[in-house]
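The values are calculated or read from the model by the stated rules, or taken from the named source; none is laboratory data. Bear in mind the structure is a predicted one, so any value in this text is a computation, not a measurement. Every residue, glycine among them, receives a Cβ derived from its backbone with ideal geometry; neighbour counts consider all protein chains shown.
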């Protein structure tokens, strides 16, 4: 019985982590063209041009 508890804890933890990662990746949205340009401009202002 003790082995099943560890199996559930290990497999269950990995499954929960996998589901959380899948959810996070599926709900992430891409930046629009305007947002991407604004982000690039801010980064250039912060770090300077190359």
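Inspect region 34-42 for any residue being loosely packed, with under 10 Cβ neighbours inside 10 Å, at pLDDT 95 or above and at negative phi and give the result as yes or no. Yes, that holds for at least one residue. Summed over region 1-33, the residues that are in contact with a helix residue (DSSP H, G or I) (Cβ under 9 Å, 6 or more places away or on another chain) and surrounded by fewer than 10 Cβ atoms within 10 Å (Cβ to Cβ) give a count of 1.
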